[in-house]
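Colleague: Have a look at this one before I ask anything.
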Amino acid sequence: MPGAIYAEGLVKTFGDVKALDGVDLEVPEGTVLGLLGPNGAGKTTTVRCLTTLLRPDRGRAVVAGIDVLKHPDAVRRSIGLSGQFAAVDEYLTGRENLQMVGQLYQMRARAAKARADELLEQFNLADAADRTAKTYSGGMRRRLDLAAALVVSPPVMFMDEPTTGLDPRNRQQLWEVIKQLVSGGTTLLLTTQYLEEADHLAHDIAVVDHGKVIAQGTSDQLKARTGGERVEVVVHEREHIAAASALLDKYSLRGLGKGDTTVEDHMRKITTPVSGGAKLLAEIIRELDADGIEIDDIGLRRPTLDDVFLSLTGHVAEAGYEDAGADGARDTTGQSRGDRPGKESAK
Ligand SMILES: Nc1ncnc2c1ncn2[C@@H]1O[C@H](COP(=O)(O)OP(=O)(O)OP(=O)(O)O)[C@@H](O)[C@H]1O
Ligand SMILES: [Mg+2]
């Protein structure tokens, strides 16, 4: 019996871009899978294939026990989706948008109204409820889109970057809503650029790069795989970055497959995986001092999910949107909610 979301060998090509190159996933019922990956990795394409918005060239997918390619309509009735690009009707008010979704799901008018009120409250939109969505800010639209995806609680939910563009307070609140949803038995696949979010919400994390899942496990498993402790040094002078990096490199666990010394130039920060604890730290401080390298900060720390991401993909995770057009074809149609599959549908 496959999990609530199951994908095997999904391939999708756009012209000469291989967006998906054999994606395999399994999400057990009632759990959250966090899909992480750099821009253009294939996260949105994966979500669109699983939600019937896009037909994969090859592969198999089962969602809520239903074959996605054979029975897309039935899948649509069993899922909720909130997209990377909010799908709200500009000319309706926030309240009308939510009530309309309720009606699409055959809720009685009174029930749809009550549910809309509840969600408007939960997503801090009560004050703006009777304004057209056209007048909403980016964060408000996103919240409305998320609220729309939650009008009914489907057994399986997909959220593509649900909290991108939300301020910290709204993000926290959404996390609470998501936790409630999952404790009620919903299975969730969520993509995010915020590693902290994946750490916080996801039972399992799958890292995608170049259209493939390159690692999957719990946050702790992935961290363990990335190696143990690391030394982090912030040098005072930018000119000292190279010398300090060469020095730290001598202590690095390079060659053990545990990642190399990394430099974050703008922060004058150098990080390297080590073993040897506090004793080693003292030795490094003495050497830096002997070489006349002044430091602002130094410490030992356990790997974070950022380290995992960096060592797996060679990119630092980037929160938020890249410059428009940076990687060409940013898809602006991958959006829908519930049973409204957007402009295109699986054929
Ligand atoms: N409709 C399309 N036409 C052409 N190329 C596309 C289309 N949709 C996606 N791609 C390409 O497929 C690749 C994967 O895109 P996708 O949107 O799935 O990435 P992503 O992981 O969601 O990235 P981001 O973090 O920027 O949202 C990219 O190279 C993208 O340019
Ligand atoms: Mg995307």
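Colleague: Please go through (1) over 15 Å from the mean Cα position of the chain (by Cα); (2) buried (at least 17 other Cβ atoms within 10 Å of the Cβ) for VAL47 and return the number of the only condition it doesn't satisfy.
Modeller: Of (1) over 15 Å from the mean Cα position of the chain (by Cα); (2) buried (at least 17 other Cβ atoms within 10 Å of the Cβ), only one is false for VAL47: (1).
Colleague: I've got another one for you. Has region 140-147 got at least one residue that is of a type outside the set (Ser, Thr, Tyr), within 16 Å of ligand 1 (Cβ to nearest atom) and at pLDDT 95 or above?
Modeller: No: region 140-147 contains no residue that is of a type outside the set (Ser, Thr, Tyr), within 16 Å of ligand 1 (Cβ to nearest atom) and at pLDDT 95 or above.
Colleague: Can you find a residue that is in a strand (DSSP E or B) and either surrounded by 20 or more Cβ atoms within 10 Å (Cβ to Cβ) or aromatic (Phe, Trp, Tyr) (or both) anywhere in region 190-198?
Modeller: yes
Colleague: Hey, can you tell me all the residues within region 32-63 that are closer than 18 Å to LEU81 by Cβ, more than 14 Å from ligand 1 (Cβ to nearest atom) and at pLDDT 95 or above?
Modeller: The answer is VAL32, LEU33, ALA61, VAL62, VAL63.
Colleague: Within region 8-17, take every residue that is in a strand (DSSP E or B) and surrounded by fewer than 17 Cβ atoms within 10 Å (Cβ to Cβ) and give me the one that is farthest from ligand 1 (Cβ to nearest atom).
Modeller: My answer is GLU8.
Colleague: Could I ask something else about it? If I ask for residues that are in a loop (DSSP other than H, G, I, E, B) and in contact with a Ser or Thr (Cβ under 8 Å, 6 or more places away or on another chain), which ones from region 42-64 would you list?
Modeller: Residues satisfying the conditions are THR51, THR52, LEU53, LEU54, ASP57, ALA64.
Colleague: Kindly establish whether SER245 is out of contact with any strand residue (DSSP E or B) (no Cβ under 6 Å at 6 or more places or on another chain), hydroxyl-bearing (Ser, Thr, Tyr) and either at pLDDT 90 or above or surrounded by 23 or more Cβ atoms within 10 Å (Cβ to Cβ) (or both).
Modeller: The answer is no for SER245.
Colleague: Return the pair list, or none, for Cβ contacts closer than 8 Å from residues in region 300-327 that are at pLDDT below 80 and surrounded by 11 or more Cβ atoms within 10 Å (Cβ to Cβ) to residues that are of a type in the set (Lys, Arg) and not in a helix (DSSP H, G or I), at least 6 apart or on different chains.
Modeller: From residues that are at pLDDT below 80 and surrounded by 11 or more Cβ atoms within 10 Å (Cβ to Cβ), the pairs are PRO303/ARG230; ASP307/ARG230; SER311/LYS258.
Colleague: Here's a follow-up. Could you name every one of the helices (runs of 4 or more DSSP H) located completely within region 75-178 that has at least 2 residues being in contact (Cβ under 8 Å) with a residue 40 or more places away in the chain?
Modeller: 94-104, 138-149
The values are calculated or read from the model by the stated rules, or taken from the named source; none is laboratory data. For clarity, every value in this text was computed on a predicted model and none was experimentally measured. Positions of Cβ are generated from backbone atoms using ideal geometry, with glycine treated the same way; all protein chains shown enter the neighbour counts.
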